[in-house]
Structures are given as C-alpha cells and as structure tokens.
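Submitted below is the structure of interest, expressed as structure tokens.
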Amino acid sequence: MFRWKATAATIAIAALVLTGCAGATEGSTGDAGGGTLTLGAITPPTTFDPAGSEWGNRAPFYQAVFDTLLLATPEGTIEPWLATEWSYNDDNTELTLTLRDDVTFTDGSALTGQVVVDNLQRFKEGTSPDASYFADVTGFTAPDDSTVVITLAAPNPALLNYLTRDPGLVASGESLGNEDIATNPIGSGPYMLDTAATVSGTSYTYTKNPEYWNPDVQHYDKLVINVLADATASLNAIKAGEANGVKLASNDNLAEVESAGWTVNANELDFQGLLLLDRAGTMNPALADVRVRQALNYAFDREGLLEALQSGNGSVTTQVFPESSAAYDPELDEYYTYDPEKAKELLAEAGYADGFTLSMPSSTVLGATTYTLVEQQLADIGVKAEYTDPGTNFIADMLAPKFPAAFMALEQNPDWQLVQFMLAPTAIFNPFKSEDPKVDELIAQIQFGDEATQESVAKELNTYLVEQAWFAPFYRVQGSFATDANTTVEMLPTNVYPAIYDFVPKA
C-alpha cells in the first residue's frame, strides 16, 4: 500500500538549531520497572503550546506530555493512538476519526471530539512552521464526543502522516485558554512536565503520569531531557555517563562514542547534494537543457564525497526519495556514475563545450570543505562555481529565489510529502515554480488515485525525476543516536529523534 509515513518536513541543517546550553542531570540509568531515562537533545522547544509546536529534534519534549491522534512506528506503519479507527469518503476529501473513550487529561478533563477539533483548529491558525500542513483543510467538526471529521478541499495523501506528529498533538481542552499554556503543558501523555524542576532552554524534567491510558509504553518513572549545545557537550555527557541516550549532531565522534561502551543507532533521513532549481533556465539558461543537468550529475565522485565529508557514514544516491518511500528504487541510487568525460560530452552536445558559470549560495554551517570539493569537481568538467555567502539570509535568498542552484541538506520526505515539499509548483523548495507536463500528470495521479495507483505512479515519478536530473543528490547522511549499555531504542525511519515510547531499559 501507499506509505503514509511521518517525517519532519523541515530544513535539515542541524547547526541552525543548535541553541541552549548543557545542563546537569541526576545521571541515574533506567532499569526494568522504573528508574530515570535521561536524554540529550540538540535544541529546546520554543513553546509548549501545541499550536506553535514543531517536530524533528523537538519531538521528544512534546511527545512526553501530549498524545497524538495517530502513531508512527519504527516499522514505518501508522497505528491507532488517540484515534482507534479512521476512514475516508469515496473521493478522499473527508477523513472520519473515531476516538478512544478511556482517555483523561492530567487536569482531570476528558478527551472529546470537540476538544480534538479545538486543537486542530488552533494548529491550523497557529504559529507552528508546520501549520501549512492543514492549508487544504476546509473544516473540522465533531458530530459527537467520539467522532471527528476533517474536510479537505482536495485529497491530501499525507494527512494521516501529519496526524502522527505536531499537527496531531492534543492538549486538554480546558488548558487551551490558559495564560501559561506556553510553559505549563497539560496533556494526556505518558509523562507530566515538572515545571519546578525544569530550567527552560537547558533541562526539562517529567514525571510518570499515573493515570495514563497505555501503561505498557511507560518504561520509566521519570524522564529528563537535557539540551546539549554542541558536539563537545554531547561527547562529555556520554563519557561521564550523564545520560542514557543522546542525539548526535554529527558523525565526527562515533569512534569515541563506541569506545565509551555506547551503541550508535542509525537511520538515513537527510540527503546532501545540489538542488538544480532553475530548470527553465530563467536565471541560468544552461540549466534548461536536461543534458547539462545530467552532466552535473556525472561530475561528482559520490563515494569520495561521502568519505571526505561524512567519514563514509551514509549511502550514495542519485534519488531524492528515501528508502522508506513507496517511490524508492534501489537501482536509482547509482543511476549516475562518476564520469567526468561523459559530463564533458553532454555539455558539448548542449552547446557548452567551454563550460559555463554556476552561481550558488554558500554557508559556513555546511562546512568550507564541502564547497571546495564541489568547486573542484565542477571545474574538472569545465563548470565554474561562483559562490556568494548571504550569511543568515542563506535560506531566504535561496528561496527568493536569488540563485539558480545550491548545495543543500534536506530531509528525504516520503511520497506525497516530498511532492509538496520539493516538486509541486507551490512547493517551498521549488522556488522557480518549475513545471513539467509529465511531472504534473504524475502528481495528479498520486493525489487523486487509489493506493495501488499512488504507489506505482510514485515509482514512475521518481524514475522520471532522476532521468530528467531535477536534482544532483550526492548521498544520504547517517543520522546517529547513541544509547548506553542500559538502554535500547528503535529508530524511526522518518524522524531524526526516536519516539519516547521506543526507549526501553535492558533487563
């Protein structure tokens, strides 16, 4: 079936969100039947108000105290959570959810259809960077206490996916008007935020919710999440035994982490490579020719770049869809080989035997070495890389758009989410509003087709994009989460931070 999976559809430049400072922890390790789970996170939440929430690296702060309507699993499926059942109408423009009848918020109030509607509406109208996920929603209604109906202007094949993450968070209805909702969250989740023991931006302490409806996923009596400001702080916490699990911002210290007796749990969520944005050639005429875009793909030694820039931690690829996607085809990971001579031939056929200049933005966040190697490999086929550093306007200028191409690190969203993120004329990472009749046709088939059609067409779309060289991906980057000898965790295929429920103490 078509894979409706969760992801954090945000820009994957970890260093842009490396804020806060490291905090001390009790350092007690969890064991079967209770104890404390101490985690390290890259960045703190900006608010606990679900209407302003985010996912990705901030997910554990919210997931500890709030439940979502649906649950994304390590197996890549979507399972019941606050909603036990769901179904669409015939044209997939109306989603009906049936709610659990045994859920109570920590303030004693009950879960009802109207409470869920109020949360969904607040998220749609709120300040979350993901509020646009509900852009095509025309209404939320609660026919009764156990039912919620979401009405859409057009089918959205990613809607179930979204309800497993921040748009699906549900707070107590009575807390939605509280003045302190940003700092004192009231949910129905497995833990409760201990505001007295929490230092905002530094360390967050949660205690077990004694009335939680699903005690099977409460593996600890207490949860502490410390914000570790940089790689040094993370490594120090690991070596000192001050945590049970730590999200690693990079793979630079994996050997030291493992030598400390920790396990590195990995997934591959992000890709790095060139975004060939100006496919119509409005800013750089050369990019309008598919042979030029293909030449750029043949220019790069992906294996060498992966080793030089990521110490080999990842997988080379020439497709932007991830392994978790129905669109994924393993053969497309090596569609373009490293072949500078082939690249030169294609450039000559396109009328660029003497090469051309490619203007791109640069950012210190992505590392000077990256830009040097990209410049060298482009020069080998006669293309001159001309960099401009927009500073903190890097992303804004790229999306303005002020550049025809850019080196970038982005999440590989599955299926419809990636279409809306990078491919559709309205997608944020399609700033030139590029269109192609074939792409438009396939996108429409995915949106309005049945599940079997969606899956087969997603594969066809992926193949076409690779053949037409809409992008020049280099590799998928290994995302790493370290756990100590007392703790196990299962990684999610589509989020950088594991689910709170999936941390388990070793017996």
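The values are calculated or read from the model by the stated rules, or taken from the named source; none is laboratory data. As the structure is a prediction and not an experimental result, all values here were calculated from the model. As a convention, Cβ positions derive from the backbone with ideal geometry for all residues, glycine included, and neighbour counts pool all protein chains shown.
Any residue at all in region 326-348 that is farther than 27 Å from Lys438 by Cβ and assigned to a strand (DSSP E or B)?
No, region 326-348 contains no residue that is farther than 27 Å from Lys438 by Cβ and assigned to a strand (DSSP E or B).
Taking the criterion of being of a type in the set (A, V, I, L, M) and not assigned by TED's automatic domain parsing to the domain that holds Tyr328, would at least one residue in region 208-219 satisfy it?
yes
If Thr106 meets every condition in (1) among the β-branched types (Val, Ile, Thr); (2) surrounded by fewer than 20 Cβ atoms within 10 Å (Cβ to Cβ); (3) assigned to a loop (DSSP other than H, G, I, E, B) apart from one, which number is that one?
(2)
Which fully enclosed strands (runs of 3 or more DSSP E) of region 352-470 have 1 or more residues being of a type in the set (Val, Ile, Thr) and assigned by TED's automatic domain parsing to the domain that holds Ser325?
In region 352-470, the matching strands (runs of 3 or more DSSP E) lie at 356-361, 383-388.
Sticking with this one: Would you point out which residue out of Ala229, Ala197 is modelled with pLDDT under 95 and over 17 Å from Thr483 (Cβ atoms)?
Just a single option satisfies the conditions, and that option is Ala229.
Considering only residues of region 340-356 that are buried (at least 18 other Cβ atoms within 10 Å of the Cβ) and of a type in the set (Gly, Ala, Ser), which is nearest to Val374 (Cα to Cα)? Please lay out each step first, then the result.
As a first pass, look at region 340-356 and keep what is buried (at least 18 other Cβ atoms within 10 Å of the Cβ): 343-344, 346-347, 350, 352.
Of the ones still in play, those that are also of a type in the set (Gly, Ala, Ser) are 343, 350.
On the way: Ala343: 15, Ala350: 22 Å.
Checked region 340-356; the qualifying residue nearest to Val374 (Cα to Cα) is Ala343.
Take the conditions surrounded by 16 or more Cβ atoms within 10 Å (Cβ to Cβ), modelled with pLDDT under 95 and within 30 Å of Phe481 (Cβ to Cβ) and apply them to Val17. Does it pass?
Criteria met by Val17.
Going by the conditions given, is Ala182 touching a residue at least 60 places away in the same chain (Cβ under 8 Å) and not polar (S, T, N, Q)?
Considered against the rule, which asks whether it is touching a residue at least 60 places away in the same chain (Cβ under 8 Å) and not polar (S, T, N, Q), Ala182 comes out as yes.
How many residues, within region 269-284, are of a type outside the set (A, V, I, L, M), within 25 Å of the chain's Cα centre (by Cα) and at pLDDT 95 or above?
So the answer is 4.
Oh, and also: Take the residues of region 144-166 that are more than 25 Å from Val419 (Cβ to Cβ) and of a type in the set (D, E, K, R): which is surrounded by the most Cβ atoms within 10 Å (Cβ to Cβ)?
Among them, the one singled out is Asp145.
Of all residues in region 436-451, which are touching a residue at least 24 places away in the same chain (Cβ under 8 Å) and of a type outside the set (Phe, Trp, Tyr)?
Correct list: Asp436, Lys438, Val439, Ile443, Ile446, Gln447, Glu451.
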